[in-house]
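The structure appears right after this line, and notes come after that.
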Amino acid sequence: MTDLAPAPGRAAAVAAATDLKRWLFDAALPLWSTVGTDRRHGGFFEKIDRAAVPIEEPRRTRVVGRQIYCFATAASIGWTGPAADLVAHGLAYFHRCCLAADGTVVTASRPDGTVVDARFDLYDHAFALFGLAAAHTFAADDRLVATAARMRDRLVEGWAHPQAGFEEARPRRLPLRANPHMHLLEAALAWIEALDGRDPAWGTFADAIAALCLDRFVDPATGAVREFFDGDWQPIAGEAGRLVEPGHQFEWSWLLRRWGRLRGDARALAAADRLLALAETHGTDPARGVAVDELWTDLSVKSAGARLWPQTERIKAWLAAAESAADPEIRDRAFARVAAAARGLAPYLAAPVAGAWNERMLPDGGFRDEPSPASSLYHLTCAIAETTRAL
């Protein structure tokens with residue numbers, strides 16, 4: 001294919017991206033900025049049911065961080081809704097109900113300030129840091145920079161693993177998990193970008209997590225990232241140690257490619273290529289056109305269900321591959337995969353409530369009849385923001 005020839009893969013990806021962005025702006029953000037936002041008591045609702053009614057549940061800090069990210073990021077790609085008000089609303093709840101005096105965050109709270117779950121959780125810390133980075137990118141605020149740095153330093157002081165990465169609790173709780181480290185890397189990269197590298201500690205933080213993934217999380221036999229580990233970062237015994245999630249292969253591929261390009265690290269870029277090929281080859285169902293939930297380490301299917309979020313991570317991973325491709329034909333094939341992943345996502349967005357979604361596809365292609373969780377808006381917004389940036 002010459003430079004003057006049509007690029008059908010890219011054209012299909014652009015069309016899909018246009019449709020997704022229209023859905024986000026015209027349906028999803030209007031719903032979650034109104035029905036999904038608790039204007040009376042503060043914060044955001046965890047779920048919206050099939051009748052467009054919000055469900056009252058304890059509010060997880062991870063969702064607060066994710067919703068702050070969504071509204072801040074939507075504004076950056078052209079949404080003209082009340083992003084500034086929504087980001088301020090989320091930050092007010094975060095500081096009032098989620099952030100503890102010692103620089104850690106609680107896991108779940110209620111709008112009256114009651115702490116429902118005070119346990120330390122790496123996952124919640126990751127998304128608190130991520131949301132703060134998005135808020136600072138949206139509207140620079142040195143107080144957010146200082147809060148995030150204090151949270152990062154407290155995490156390192158209190159929960160650093162003696163070899164690498166972080167513990168799940170003090171005293172130790174097993175298994176150790178790859179997943180929250182993945183989101184800590186995502187948060188660190190967000191802060192590197194937000195500060196344009198002005199705080200080298202975020203680079204050190206990101207480098208350590210990327211090294212942990214490459215050295216311990218990646219199975220040298222298959223190139224797949226495993227999920228659960230013992231106290232020495234060896235795959236934990238039993239079925240949990242044999243679990244491989246296609247969605248996380250896509251997500252790690254996207255992150256390692258970003259980090260690898262930032263650092264010029266050939267090992268990370270090669271790992272990103274392997275993860276992407278593995279997830280696409282073994283972790284997608286061609287009949288339904290979707291990424292499935294779980295594999296075993298022999299890459300056979302463990303669970304043929306298909307949640308929404310792996311579909312968005314598939315989009316992001318192929319976008320990153322397209323951007324990295326030097327050969328025009330390889331690049332266009334990657335864009336064609338972006339379009340295919342977007343087609344797989346489309347049925348999830350055909351929910352009874354405009355702007356909500358079907359969360360879990362069954363093996364037969366149907367969907368569970370269940371509320372839409374707010375937590376998935378982050379996955380959708382991130383994928384749509386990436387398509388906007390790349391295309």
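Please give the Cα centre distance for region 295-320 versus region 103-177, rounded to the nearest Å.
The distance from the Cα centre of region 295-320 to that of region 103-177 comes to 27 Å.
Long-range amide H contacts for Phe367: which residues qualify at under 5 Å (H placed 1.01 Å from N, peptide plane, sequence gap of 5 or more or a different chain)?
Amide H neighbours of Phe367: Leu362.
Rounded to a whole number, what % of the accessible area of region 174-312 do carbon and sulfur atoms account for, probe 1.4 Å?
51 percent
For region 1-133, with every protein chain kept in place, what is the accessible area per residue (1.4 Å probe, Å²)?
Working: 5340 Å² over 133 residues.
I get 40 Å² per residue for this part.
Of (1) 32.3; (2) 17.3; (3) 18.6, which one was derived for mean projected area of the Cα convex hull in nm² from the structure shown?
Entry (3).
If you count only protein heavy atoms with a 1.4 Å probe, what accessible area per residue comes out for region 231-389, rounded to a whole Å²?
37 Å²
Leaving out ligands, DNA and RNA, and with a 1.4 Å probe, what % of the accessible surface on region 1-119 is carbon or sulfur?
Working: 3040 of 5220 Å².
On region 1-119, the fraction of accessible area on carbon and sulfur atoms equals 58 percent.
Residue by residue through region 96-105, which ³J(HN,Hα) values in whole Hz follow from phi under the Karplus form 6.51 cos²θ - 1.76 cosθ + 1.60 (θ = phi - 60°), with glycine and proline marked x?
Along region 96-105, the couplings run 7, 10, 10, 8, 7, 5, 8, x, 9, 10 Hz.
Kindly write out, for region 154-167 in residue order, the coupling ³J(HN,Hα) from the Karplus curve 6.51 cos²θ - 1.76 cosθ + 1.60 (θ = phi - 60°), rounded to whole Hz, with x marking Gly and Pro.
Coupling constants for region 154-167: 5, 4, 5, 5, x, 9, 4, 6, x, 9, 5, x, 9, 6 Hz.
For region 293-354, with only Lys/Arg (+1) and Asp/Glu (-1) charged at the beta-carbon, what is the dipole magnitude about the Cα centre, in debye rounded to 20? Present the calculation step by step, with values, prior to reporting the outcome.
Values: 8 positive and 8 negative charges, 40 e Å.
Dipole of region 293-354, to the nearest 20 debye: 200 debye.
Can you compute the modelled spin-label distance between Asp219 and Ile77, with each label point 7 Å from Cα toward Cβ, in nm?
Those two pseudo-labels are separated by 3.2 nm.
Restrict the search to region 53-139; then list the trypsin sites (Lys or Arg not before Pro) that DSSP places in a loop and that have at most 14 other Cβ atoms within 10 Å of their Cβ. It would help to have the intermediate numbers written out before the result.
Working: sites: Arg59, Arg60, Arg62, Arg66, Arg96, Arg119; in loops: Arg119.
Of the trypsin sites (Lys or Arg not before Pro), the ones in loops of region 53-139 whose Cβ has at most 14 other Cβ atoms within 10 Å are Arg119.
Would you calculate a helix-derived [θ] at 222 nm for the chain, using -39,500 (n - 2.57) for each DSSP H run of n ≥ 4 and dividing by the full residue count, to the nearest 500?
Details: 13 runs with 196 residues, N = 391.
Calculated from helices alone, the mean residue ellipticity at 222 nm is -16500 deg cm²/dmol.
Enumerate the calculated ³J(HN,Hα) couplings along region 299-311 in order (Karplus 6.51 cos²θ - 1.76 cosθ + 1.60, θ = phi - 60°), each rounded to whole Hz, writing x wherever the residue is Gly or Pro.
Per-residue couplings from phi come out as 6, 7, 6, 8, 9, 8, x, 8, 6, 5, 4, x, 5 Hz.
As an exercise, use a Förster radius of 25 Å and the Cβ-Cβ distance of Ala92 and Arg119 to find the FRET efficiency, rounded to the nearest 0.05.
Values: r = 24 Å, r/R0 = 0.94.
That gives a FRET efficiency of 0.60.
Whole angstrom only: what separates the Cα centroid of region 1-73 from the Cα centroid of region 342-383?
That distance is 11 Å.
Gain in length, Arg333 to Ala101, computed as 0.36 nm per residue apart minus the alpha-carbon separation, to one decimal in nm?
Details: separation 232, 0.36 × 232 = 83.52 nm, distance 5.04 nm.
Gain on stretching Arg333 to Ala101: 78.5 nm.
Most mobile of Phe335, Phe127, Phe25 per a Gaussian network model of the chain (Cα springs, under 10 Å)?
Most flexible of the set in this elastic network: Phe25.
Any idea what log10 I(q)/I(0) is at q = 0.14, 0.25 Å⁻¹ for region 136-240, Debye with uniform C-alpha scatterers and no solvent?
-0.59, -1.38
With N set to the residue count of region 217-373, report its C-alpha Rg divided by 2.2 N^0.38 Å to two decimal places. Walk me through the intermediate numbers first.
Numbers: Rg = 16.1 Å, N = 157, 2.2 N^0.38 = 15.0 Å.
Ratio of Rg to 2.2 N^0.38 Å for region 217-373: 1.07.
Need one number: nm distance between label points at Leu362 and Arg389, each 7 Å from Cα along Cα→Cβ, rounded to one decimal.
In this crude spin-label approximation the distance works out to 3.8 nm.
Which one, Gly203, Gly365, Gly113, has the greatest fluctuation when you compute a Gaussian network model over the chain with C-alpha springs under 10 angstrom?
Highest fluctuation of the listed residues: Gly113.
Report in % the part of the accessible area of region 317-391 that belongs to carbon and sulfur, leaving out ligands and nucleic acids; probe 1.4 Å.
Values: 1460 of 2800 Å².
Heavy-atom surface of region 317-391 belonging to carbon and sulfur, 1.4 Å probe: 52 percent.
What residue among Leu262, Leu299, Gly283 has its Cα farthest toward the positive end of the dipole of the chain, where the charges are +1 on Lys, Arg and -1 on Asp, Glu, each on the Cβ?
Leu262
Could you pull out which residues in region 365-382 have an amide N less than 20 Å from a spot 7 Å beyond the Cα of His41, following the Cα-Cβ vector?
Answer for this model: 371-375.
Could you compute the FRET efficiency for Ala15 and Arg267, with r as their C-beta to C-beta distance and R0 at 35 Å, rounded to 0.05? Before the final figure, lay out each step's value.
Values: r = 36 Å, r/R0 = 1.01.
After rounding to 0.05, the efficiency reads 0.50.
The values are calculated or read from the model by the stated rules, or taken from the named source; none is laboratory data. As the structure is a prediction and not an experimental result, all values here were calculated from the model. Heads up, the Cβs are rebuilt from the backbone with ideal geometry, glycines too, and the neighbour counts pull from every protein chain shown. Ligands, DNA and RNA are excluded from the accessible area calculation, which covers all protein heavy atoms including side chains. Shrake-Rupley method; radii C 1.70, N 1.55, O 1.52, S 1.80 Å.
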